[in-house]
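**Q** Following this message is one structure expressed as structure tokens.
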Amino acid sequence: MDRANFPHKPLLIERFDLIENNDGIGYARSYEIFAGNTHDSKTVETMINTIEKLYGKADRIWIMDRGMLSPENLQFLRQEQRRYISGTPKSQLKHFETELQQAEKC
């Protein structure tokens, strides 16, 4: 279901700045609410800047789904050497398909 079809509904985005307690369970420190028609890629800078302002620029690894990537966001992440993990956009999966299939055979 596409959130863009429901602009009147708020979208809850959790900022995953996890705290691990003694039993190994992580908890999100905070969250941000964006309008329901806000594309995921338009939330990245706000979320990262807010976390870094609240908790400092730690040596984090930012994890995001492929909908959050854009050329602008990649540039933003790289400009201060932020580390990140992301899903591959569907449009690029065909590009890597042969290479991935060959790796499976090994």
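**Q** Suppose we keep only residues that are surrounded by 15 or more Cβ atoms within 10 Å (Cβ to Cβ) and aliphatic (A, V, I, L, M) within the stretch 67-82. Which one would you say is nearest to Ile33 (Cα to Cα)?
**A** Met68
**Q** Starting from the stretch 73-98, take each residue that is within 12 Å of Arg60 (Cα to Cα) and list its partners that are loosely packed, with under 10 Cβ neighbours inside 10 Å, counting only C-beta distances under 9 angstrom and pairs at least six apart or across chains.
**A** Arg82/Ile61; Arg83/Asp59; Arg83/Ile61; Tyr84/Ile61; Ile85/Ile61
**Q** Taking only the stretch 30-43 into account, find how many residues are of a type outside the set (S, T, N, Q) and either exposed (fewer than 14 other Cβ atoms within 10 Å of the Cβ) or touching a Phe, Trp or Tyr at 6+ places or on another chain (Cβ under 7 Å) (or both).
**A** 5
**Q** In addition: Can you tell me which residue is nearest to the chain's Cα centre (by Cα) among those in the stretch 49-66 that are surrounded by 15 or more Cβ atoms within 10 Å (Cβ to Cβ) and closer than 26 Å to Leu93 by Cβ?
**A** So, considering only residues that are surrounded by 15 or more Cβ atoms within 10 Å (Cβ to Cβ) and closer than 26 Å to Leu93 by Cβ, the one nearest to the chain's Cα centre (by Cα) is Met64.
**Q** Please list, ordered by residue number, the helices (runs of 4 or more DSSP H) wholly in the stretch 26-106 having 1 or more residues that are modelled with pLDDT of 85 or more.
**A** Once the helices (runs of 4 or more DSSP H) in the stretch 26-106 are filtered for at least 1 residues that are modelled with pLDDT of 85 or more, what remains is 44-55, 71-79.
The values are calculated or read from the model by the stated rules, or taken from the named source; none is laboratory data. Owing to the predicted nature of the structure, the values given are computational and were not obtained by experimental measurement. Don't worry about glycine lacking a Cβ; one is built from the backbone with ideal geometry, like all the others, and counts go over all protein chains shown.
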